[in-house]
Amino acid sequence: MKSKLKIALAASVIGVCAGSANVLADVETYAYSNDNIPFHLNIPEHKQNVRTTGRYRTTTNVNNKWKVKMTKSYEGPGTYTSFWLELYNGKNVSNVVSTRVEDGARYSPAHSLASQATVYLTSENNNDNDVTYTVEGYWDEETGEQKND
């Protein structure tokens, strides 16, 4: 009787471990997928910030880069807009990436405070002026990309 109980217990433990491994594999797949999350932001005047809704960054690897690609800027051709990641409280957790529509997707590492945290793509006009405009594009909080641009 005791041996049947031990076998049943061992089988249960193996089943739980196998299920956990599948969940962890799914998390890693998510963490290393290069997605295109659309954004549409109304950039305010005088370098005021605006941001997207948050996305959870599962990785602890600061070299797992985030990306931004601006596909439209109603400020005009060849103009720059600045982007970075920040936490809910406004703390910056990446370097600023200034980009134009012509630049393509830009990849940048994050700071350690962005690890396993909800981050927001934040933006501002790179000029301190009274211009307001709209930008569109896509971003991803973690891409799996670790190479340098």
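The values are calculated or read from the model by the stated rules, or taken from the named source; none is laboratory data. Just so you know, these numbers come straight off a predicted model, no measurement behind them. Cβ placement follows ideal geometry from the backbone for every residue including glycine, while neighbour counts extend to all protein chains displayed. The protein model used for the area step is the full one, side chains on, heavy atoms only, and it has no ligands, DNA or RNA in it. Shrake-Rupley method; radii C 1.70, N 1.55, O 1.52, S 1.80 Å.
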**OP:** Scan the stretch 80-105 residue by residue and report those that are over 18 Å from F39 (Cα atoms) and hydroxyl-bearing (S, T, Y).
**Re:** S94
Original post:
Restricting attention to the stretch 79-117, which residues are open to solvent by 50 Å² or more (accessible area, probe 1.4 Å), among the polar types (S, T, N, Q) and in contact with a Phe, Trp or Tyr (Cβ under 6 Å, 6 or more places away or on another chain)?
Top reply: N92
Original post:
How many residues are without any contact (Cβ under 8 Å) to a residue 40 or more places away in the chain and at negative phi when one looks only at the stretch 101-126?
Top reply: 5
**OP:** State yes or no: is R51 open to solvent by 50 Å² or more (accessible area, probe 1.4 Å) and charged (D, E, K, R)?
**Re:** yes
Original post:
Does the stretch 54-69 include one or more residues that are farther than 22 Å from S33 by Cβ and surrounded by 14 or more Cβ atoms within 10 Å (Cβ to Cβ)?
Top reply: no
**OP:** Any chance you could count how many residues in the stretch 118-146 are open to solvent by less than 20 Å² (accessible area, probe 1.4 Å), closer than 16 Å to W84 by Cβ and assigned to a strand (DSSP E or B)?
**Re:** 9
